[in-house]
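Laboratory data are not the source of any read-out in this text; all were calculated from the coordinates shown. Computed from a predicted model, the values in this text were never measured in an experiment. Counting neighbours? That spans all protein chains shown, and the Cβs are built from the backbone with ideal geometry, glycine included.
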């Protein structure tokens, strides 16, 4: 559905996106993760033809965006952080205006999406009177108008309260399940991405530093909690025996590729250590993200 | 068909916001002030002396048409450039500033089409504004003055004209048609600046600066021989509609130059808009 090939964007001296390649397959909820300024919005801008790439290519629905933007975006809907509307016009009129930039849209279709997002009864009120949540729903309605196959959500939960974030999450699930949409979801809210996405890519300083499933991410660096009578000596022993690759916090060890907790326990007992506790820590996406950022200097800001 | 729908949308956006009407009250105020001043002070004494000195009766020409034409000078000289610059500068730059442009450009509409639609909406606005001002000018002048002939004196252009009421109304109408060229041209200049990555106020200020710099240069004696190179020299076409007979060759030449200016503004604006990145 989306194919990026060595996509690069430079703003003057600053490299915003650096040779980004990725493929989003139909039916996926693909999460684009990264701190503010990592290049997520610039990437989305290039996918939508709003930002011109310095080099590389972006294809949407099989069409090169730079050359065939019209065809590429025919069945694409997008929502941006803090969606903006013509506040002095009604919700209905806003939808009418935005719809015609794609194609002639019958009133029945506008009515249908208004019902779908739950704005029925307020569509004739001017947008200025809408709450933040209602604006988010209107944004969703405009994105759904062209009957999209692909939905691009750029920080859609930004500025929403916990209830609004929950509602947005439920809506994204519904869109995926009921309408079968492919969704590109950009966020710096790890919890959102963890709960929604089938696959993620992590951007840092414009470069992709990870791509895979959330499960892949969690299991990339598994830490094992170890409690013995002398952690440091035990850790040194295991390190010398090449059973672990590192340790931290006086309680965590990271296993070597061919190692396992059974081998660790055996080695320690044989060497006269008392093993009080040994178990694999469930790594969260946050742990993974922070360790990834640590591994890529310069990406010091938290998500 | 979709083009017309999109144009209708641009007009909805333009005429739907209060900002579009803010300056309009100033026009109406100016027209009323001119009417009242001429009615209740001795401001018309100068016109009376001019008429008497040239052997004309005063009474038929201190009229609705004469006053409505007098109103045109402050409007065409100051208010109209300011107001159309405000609107023209807003058309693209305000949408970029508000973030609605990003919503539009997430859709499969080409940038060139969008720019053309917006310029067309600005041109329609300028036409409607001038026509409305012409009608209001007559209405407000009629409140205080009788219907009669038209007397016009524009010393800068060596214009001293007397019209009977029917001919005067015709000249007044054609003058407004020509005033449209001024309004559209200044709007286009502001529109062009608005296509760059600037705030709406900057686009307006740049357009007004462009007009004023042209005006100042045009009036420097050193440049007297090169007057026709300046933008502002061609903006006062409406004044020539009060000349008998109308110098159509001069009107045609200026209209061609203005057409060139407008086309250039549009092409520069379109190019700037085409190559820029639209970001939040």
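Assorted remarks:
- Placing dummy labels 7 Å off each Cα toward the beta-carbon, the span from residue A:211 to residue A:5 is 1.3 nm.
- Where N is the number of residues in chain B, Cα Rg divided by 2.2 N^0.38 Å: 1.09
- Distance from the Cα centroid of the range A:1-54 to that of the range A:160-232 is 18 Å (rounded to whole angstrom).
- Summed over qualifying helices (DSSP H, 4 residues or more, each -39500 (n - 2.57)) and divided by its residue number, chain B shows a 222 nm mean residue ellipticity of -23000 deg cm²/dmol.
- Using the Cβ-Cβ distance between residue A:262 and residue A:227 with R0 set to 25 Å, the FRET efficiency from 1/(1 + (r/R0)^6) comes to roughly 0.90.
- Residue of A:288, A:279, A:185 that the Gaussian network model of chain A assigns the largest fluctuation, springs spanning Cα pairs under 10 Å: A:279
- Cα centroids of the range B:31-47 and the range B:127-166: 14 Å apart.
- For the range B:138-280, convex hull volume per residue from C-alpha positions, Å³: 146 Å³
- Percent breakdown of C-alpha pair distances by 10 Å bin, ordered from the shortest bin, for the range A:222-282: 26, 67, 7
- Using a cutoff of 8 angstrom between alpha carbon atoms and counting only pairs six or more residues apart, the relative contact order for chain A works out to 20 percent.
- Between the beta carbons of residue A:291 and residue B:213, assuming R0 = 51 Å, the FRET efficiency works out to 0.30 to the nearest 0.05.
- Considering all different alpha carbon pairs of the protein assembly as shown, the Kirkwood hydrodynamic radius works out to 28.5 Å.
- For chain A, the alpha carbon convex hull comes to 153 Å³ per residue, rounded to a whole number.
- At q = 0.14, 0.17, 0.22, 0.23 Å⁻¹, base-10 log of I(q)/I(0) for the range A:86-142 (Debye sum, equal scatterers on each alpha carbon): -0.30, -0.45, -0.77, -0.84
- Note: relative contact order over chain B, using C-alpha pairs below 8 Å and six or more positions apart, is 24 percent.
- Peptides A:250-261, B:29-40 ordered by average Cβ neighbours within 10 Å, highest first: B:29-40, A:250-261
- The range A:222-282 - percent relative contact order, Cα under 8 Å, separation 6 or more: 49 percent
- Based on the Stokes-Einstein relation at 37 °C and a viscosity of 0.692 mPa s, and on the Kirkwood radius from alpha carbon pairs, the range B:1-129 is assigned a translational diffusion coefficient of 186 µm²/s.
- Spin-label zone in the range B:97-131 - amide nitrogen under 15 Å from a point set 7 Å from the Cα of residue A:174 along the C-beta vector: none
- Built from the Cα atoms of the range A:52-91, the convex hull projects on average onto 4.4 nm², one quarter of its surface area.
- Cα shape, the range A:1-76, gyration tensor, a/c 1.5 rule: oblate
- Computed over the range A:190-250, the Cα gyration tensor eigenvalues convert (square root of 5λ each) into semi-axes of 33, 14, 10 Å, ordered from largest to smallest.
- Residue exposure sequence - A:35, A:166 - by fewest surrounding Cβ within 10 Å: A:166, A:35
- Binned Cα-Cα distances of the range A:40-181, short to long, each 10 Å bin given as a whole percent: 12, 40, 36, 11, 1
- The ranking of B:156, A:287 from fewest to most other beta carbons within 10 Å of each one's beta carbon is B:156, A:287.
- Among B:56, B:172, B:233: highest mean-square fluctuation, GNM of chain B, C-alpha pairs under 10 Å: B:56
- Volume per residue that the Cα convex hull of the range A:149-267 spans, once the total is divided by residue count, Å³: 167 Å³
- Part-to-part distance (alpha-carbon centres) for the range B:79-121 and the range A:127-158, which is given in Å: 22 Å
- Among B:192, A:1, B:26, the ranking by other beta carbons within 10 Å of each residue's beta carbon, starting with the fewest, stands as B:26, A:1, B:192.
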